[in-house]
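Heads up: the structure comes next, in structure tokens.
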Amino acid sequence: MSVIDVLRERGFIQQTTHQEPLYELLEKEKVTFYVGFDPTADSLHIGHMLPIMAMHHMQEAGHRPIAILGGGTAMIGDPSGRTDMRKMLTEEQIDYNASRFKGQLSRFIDFSDGKALMINNAEWLRNLNYIEFLREVGSQFSVNRMLTAECYKSRMEKGLTFIEFNYMLLQSYDFLMLYRKYGCKLQMGGDDQWSNILAGADLIRRLERGEAFGITFPLLTTSSGKKMGKTEAGAVWLDPEKTSPYDFYQYWRNTDDRDVERFLALYTFLPMDEVRRLGALKDREINEAKKVLAYEVTRLTHGEEAAKEAQKAAEALFGASGDESAVPAITLDRNAVISGVPIADLLVSAGLAPSKSEARRLIAQGGITLNDQKVTDINQTVTVEDFPENQALIKKGKKQFQRVVLQ
């Protein structure tokens, strides 16, 4: 089966350019392709996992991935999918963020012996001669045509800055440079990048008379309408220091029944027959499929040991077995609770509420339990007596837990 057929069957493909020639190219050649990652934060998040998984499938089929770190483009800020301008970062912030990505990507992509490349576009963008750039690249772009691109149209109402207007030219220039330096013929990215990908492929055709292609991935939302990877607590990060393996596991474990088969196809490497079998389970049985999904994605991202620990913790909380010591914990100074700690303060410290006012609201709505006892008093104080065997378990709603250990 062609890698295009694999990607299409698993749900990765939204749009492609020149479908038949691209299909033929991937059948007859080992193609160098790229995906860009702008280092606007110090970790990738699960919104990045779909392109990363696609890169893995492409590499397995014998093609060579290039992961482009946007050390240059991140200084401008991509307007795609935005209603306001992105926060401007310093060079130091961008370089630090970029330095964190390779370890996370290496869990999915083999960078050994040139099988894949990681390149920072700061290499050619930060010291760019603007006049030369305008003469070679800017002359190939029609402003009228650019303004019809979705990434710009969505910004016109609030105002599009000139610095952001340059983004399409810079991303197209990336494609051109990768074509010239590494023979890169394919760019892959989210569907919000369609206009930028088309512009880059067109630039290569104009200046190099070469073949260049694009594939876009669907912009995923859950069946409940939420953006993929967004929770009440914020983004779900691949860095275990920002999102613990347990919380990461629980995000997938809590997948809507309607999304299970789709997510198994996209975010695991299980054979599609098994994906369809698990996706067809109904009612209580679908929970087994969710456990498989959570375990497989956590194993790929954090390793088998972390996945097993997360699984044990979940079983301790939701099943009749398991190791409760695997549940994520925060530590609290015993002296701090001798005179009592307000429950609202404890909820904030445990990361179960962003503020004391939100903590009080949760208590008032009956959403908090302490050691399986519902908290009803927003002014309740927690004392040493609430920590049998020096620990307490706080629960928010049905699915969020935090263990608090006295030291």
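The values are calculated or read from the model by the stated rules, or taken from the named source; none is laboratory data. Because the structure is predicted, anything quoted here is derived from the model rather than measured. Cβ placement follows ideal geometry from the backbone for every residue including glycine, while neighbour counts extend to all protein chains displayed.
Are there any helices (runs of 4 or more DSSP H) wholly within the range 1-83 with 2 or more residues that are of a type in the set (D, E, K, R), and if so which?
Details: elements: 3-10, 19-28, 49-60.
Counting at least 2 such residues, we get 3-10, 19-28.
Looking only at the range 335-361, which residues are crowded, with 20+ Cβ neighbours inside 10 Å and part of a helix (DSSP H, G or I)?
Passing the criteria: 337, 343, 344, 346, 347, 359.
Looking only at residues in the range 138-162 that are aliphatic (A, V, I, L, M) and touching a helix residue (DSSP H, G or I) at 6+ places or on another chain (Cβ under 9 Å), which one is nearest to residue 188 (Cα to Cα)?
Residue satisfying both the conditions and the ranking: 149.
Give the number of residues within the range 56-74 that are farther than 21 Å from residue 124 by Cα and crowded, with 22+ Cβ neighbours inside 10 Å.
Residues in the range 56-74 being farther than 21 Å from residue 124 by Cα and crowded, with 22+ Cβ neighbours inside 10 Å: 1 in total.
Just one of 211, 241 is in the same structural domain as residue 117 (by TED's automatic domain parsing), surrounded by fewer than 19 Cβ atoms within 10 Å (Cβ to Cβ), out of contact with any Asp or Glu (no Cβ under 6 Å at 6 or more places or on another chain) and in a loop (DSSP other than H, G, I, E, B); which is it?
Testing whether each residue is in the same structural domain as residue 117 (by TED's automatic domain parsing), surrounded by fewer than 19 Cβ atoms within 10 Å (Cβ to Cβ), out of contact with any Asp or Glu (no Cβ under 6 Å at 6 or more places or on another chain) and in a loop (DSSP other than H, G, I, E, B) leaves just 211.
Quick check on my filter: what residues within the range 78-101 are farther than 20 Å from residue 177 by Cβ and either of a type in the set (Lys, Arg) or modelled with pLDDT of 65 or more (or both)?
82, 86, 87, 88, 89, 90, 92, 93, 96, 97, 99, 100
Counting residues that are touching a residue at least 12 places away in the same chain (Cβ under 8 Å), which helices (runs of 4 or more DSSP H) fully inside the range 120-186 reach at least 3?
So the answer is 122-125, 150-153, 162-165, 167-182.
Would a scan of the range 14-30 turn up a residue that is of a type in the set (Val, Ile, Thr), under 19 Å from residue 252 (Cβ atoms) and out of contact with any Cys (no Cβ under 8 Å at 6 or more places or on another chain)?
Scanning the range 14-30 turns up no residue that is of a type in the set (Val, Ile, Thr), under 19 Å from residue 252 (Cβ atoms) and out of contact with any Cys (no Cβ under 8 Å at 6 or more places or on another chain).
Table: residues versus (1) within 28 Å of residue 64 (Cα to Cα); (2) of a type in the set (S, T, N, Q); (3) over 31 Å from the mean Cα position of the chain (by Cα).
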| position | (1), (2), (3) |
| --- | --- |
| 112 | yes, yes, no |
| 115 | yes, no, no |
| 137 | yes, no, yes |
| 160 | no, no, no |
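Considering every residue within the range 167-189, establish whether at least one is at pLDDT 95 or above, surrounded by 15 or more Cβ atoms within 10 Å (Cβ to Cβ) and closer than 30 Å to residue 258 by Cβ.
yes
Determine whether the range 224-232 contains at least one residue that is in contact with a helix residue (DSSP H, G or I) (Cβ under 6 Å, 6 or more places away or on another chain), more than 25 Å from residue 149 (Cα to Cα) and surrounded by fewer than 16 Cβ atoms within 10 Å (Cβ to Cβ).
Within the range 224-232, not a single residue is in contact with a helix residue (DSSP H, G or I) (Cβ under 6 Å, 6 or more places away or on another chain), more than 25 Å from residue 149 (Cα to Cα) and surrounded by fewer than 16 Cβ atoms within 10 Å (Cβ to Cβ).
Could you list, in sequence order, all residues of the range 1-40 that are of a type in the set (Phe, Trp, Tyr) and over 17 Å from residue 200 (Cβ atoms)?
Across the range 1-40, the qualifying residues are 12, 23.
Contact list please: Cβ distance under 9 Å, first residue in the range 341-364 and farther than 16 Å from residue 391 by Cα, second residue of a type in the set (Ser, Thr, Tyr), pairs at least six apart or on different chains.
Once the first residue is farther than 16 Å from residue 391 by Cα and sits in the range 341-364, its partners that are of a type in the set (Ser, Thr, Tyr) give 342/381; 344/355; 344/357; 348/355; 363/376; 364/376.
Whether any residue in the range 339-361 is modelled with pLDDT of 80 or more, at positive phi and not assigned by TED's automatic domain parsing to the domain that holds residue 253 is what I want to check.
Within the range 339-361, none of the residues are modelled with pLDDT of 80 or more, at positive phi and not assigned by TED's automatic domain parsing to the domain that holds residue 253.
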